[in-house]
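Where a number appears in this text, it was derived from the coordinates with a stated rule and is not lab data. What you are looking at is a predicted structure, and each value in this text was computed from that prediction instead of being measured. In this analysis, Cβ positions are derived from the backbone assuming ideal geometry, glycine residues included, and neighbour counts consider all displayed protein chains.
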Amino acid sequence: MRSDTTGFWTPVALSADIPSRTVIPAHVSAGTIALWRSQAGQIAASADRCPHRGMSLSHGFVRGEALSCIYHGWSYGMSGHCVRIPAHPGLTPPETIRVATHAVRDAGGVVWVAEGTPASDPPSLDGLTPLRSLTIEADRAAIEAAAGVPANADGLIEITRDGEDLCLLLSGSQQSQTGVRTVVHVLVATGSHAPQRIAASRNVERLRRMAETASANGNVQ
Amino acid sequence: MTGSDPAPYRQAMLDEWYPVGLVSQLDRAGRHTALMGEPIVVAGDADGRPIVTGGNGRILPVKVRYGHVWSSVGAPTKDIFPIPEADQPGRRFVDVGVVRVRCSPLRAVENFLDIAHFPFVHTDVLGAEPHTEVLNYTAEIRPDVDEVWATQVKFYQPQASKSASGGITTEYMYRVPAPTCSVLYKTCPPRPSEWDVITLFVQPLAEDRCDVWPWMALFDDETSMTDLIHFQQMIFLQDRSILENQIPRLLPLDPGMEIPTRADLTSIAYRRWLKRHNFTYGAQLVAR
Ligand code: FES
Ligand SMILES: [Fe+2]
């Protein structure tokens with residue numbers, strides 16, 4: 001996670017995990033956001049609270065190019081403006097009704113959400129292809145300790161030891177009800193075949209157990 | 001809350017009556033539950049009379065009404081609100097049971113007063129797109145009875161009740177006679193001159209947790225009791241999926257935190273009435 005003075009990009013999900021016309025909750029340091037992809041394939045991110053009666057928007061649904069709240073169906077466009085209030089079909093919603101939005105990029109198979117106003121583009125992941133995401137019940141420090149190497153400025157950890165080949169992209173850590181958790185994306189070299197992908201999956205499970213055990217035992221700062 | 005004085009603004013709601021169990025389920029062992037943060041036990045004595053015991057063993061006030069046992073952690077000065085239809089011959093009374101919801105008791109009532117969610121939350125049962133319009137209706141705080149009333153509420157429903165076959169435009173009236181209770185009067189298909197009565201009695205367990213006890217007084221001789229209960233439970237489980245995901249969990253009473261429209265007149269009147277009476281247990285007063 002490269003952090004400059006104005007902001008940074010958080011890798012919240014893999015592009016493949018948000019198909020068109022879906023919405024999912026995603027986590028940034030400010031809390032949960034609603035991440036969605038329109039019918040045309042455009043990705044967008046908004047605050048997770050509908051301004052009408054507070055319903056979580058990540059429980060909503062996507063129709064066309066708008067995200068709709070599941071409670072009363074108020075719909076919000078990419079820019080966050082309310083475009084439809086079903087209880088009043090004839091009404092054009094006033095400009096003032098809107099949800100806060102975040103800048104999002106869909107690059108290298110990863111969806112990045114801006115925290116603050118990053119001065120540059122998200123880091124490039126040349127030569128790497130995302131495999132899967134997982135949530136580890138531990139903070140970044142515990143994951144770095146289990147990996148034996150710190151993440152670089154982009155949040156990337158590359159492990160090459162004992163025939164282990166593993167590349168991890170770390171998201172920010174969040175407080176959860178059970179403790180701290182971190183979303184981690186597993187990447188493999190582009191063009192990897194099944195055996196390497198299976199090995200990467202197995203290796204990350206081992207790393208997950210190490211980090212979670214250490215974290216549960218309070219071994220990490 | 002035992003052992004310390006509750007914040008003064010909560011006093012107003014402490015002296016109200018709340019449902020704490022079904023009369024039909026009273027037993028010697030008792031139901032271990034809570035009322036406004038205080039652990040209570042709702043039991044029946046040898047003669048089946050209800051006894052409600054508070055956290056430190058103190059005996060709490062108790063009443064039996066509308067199929068439920070009612071109690072209070074304070075000292076109620078008024079009787080439980082009247083529902084005249086409860087004494088009307090020919091009605092069937094349905095104890096729906098309990099639904100536990102992780103939300104403010106006030107949010108649970110407000111959701112009950114809302115019709116605009118029918119097409120989205122109770123899809124193809126109480127509402128269906130494209131019939132989403134909420135026509136103008138009237139909502140007011142009636143000064144003579146000091147209750148919130150909404151009248152001339154109309155909504156298109158694919159299957160308004162267990163006894164309805166096919167879509168109809170249903171007419172409703174809503175009433176809020178107590179901070180966590182609401183009474184709904186609804187078009188009664190078998191008897192056009194009468195209203196079916198569906199109530200929502202909410203037991204505030206804590207500010208952000210409640211047990212919802214729906215109860216009905218219907219003109220319906222055909223539907224089996226099991227079907228009536230299942231129908232209402234299905235509806236309330238759908239509501240729960242909303243109520244447990246609203247942010248914040250407490251009901252915001254400050255204007256500015258949430259944006260109502262004309263369709264929310266009942267909710268607006270309810271919030272105003274709560275504020276007027278300092279009924280703020282389960283409310284959020286300052287936008288955070
Ligand atoms: S709370 Fe989202 S539309 Fe009503
Ligand atoms: Fe509902």
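The table below gives the values:
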item	result
Centre separation in Å (Cα based) which lies between segment A:39-63 and segment A:172-192	23 Å
Estimated FRET transfer efficiency when R0 is 35 angstrom, pair B:Q88-B:L285 (beta carbons, to 0.05)	0.30
Exposure proxy ranking, count of Cβ atoms within 10 Å, fewest first, for B:E129, B:E38	B:E129, B:E38
Percent of alpha-carbon pairs separated by more than 27 Å within chain B	39 percent
Estimated FRET transfer efficiency (B:I59, B:Q152; beta-carbon r; R0 51 Å; 0.05)	0.70
Cysteines having no other Cys beta carbon under 4.7 Å from their own, within chain A	A:C82, A:C167
Part-to-part distance (alpha-carbon centres) for segment B:84-132 and segment B:217-249, which is given in Å	6 Å
For A:L67, net neighbour charge (Lys/Arg +1, Asp/Glu -1) across residues whose Cβ lies under 14 Å away	+4
Per residue, the convex hull volume that the Cα atoms of segment A:7-116 enclose (Å³)	88 Å³
Sequence of A:S15, A:S46 once ranked by neighbouring C-beta atoms within 10 Å, starting from the fewest	A:S15, A:S46
FRET efficiency, A:R21 to A:N217 (Cβ-Cβ, R0 51 Å, nearest 0.05)	0.75
Reference-scaled alpha-carbon Rg (2.2 N^0.38 Å with N residues) for the protein assembly as shown	1.14
Helix A:194-216 vs. chain A, principal-axis angle (Cα, 0 to 90°, nearest 10)	90 degrees
Neighbour-count ranking [beta-carbon atoms within 10 angstrom, fewest first] of B:T187, A:T182	B:T187, A:T182
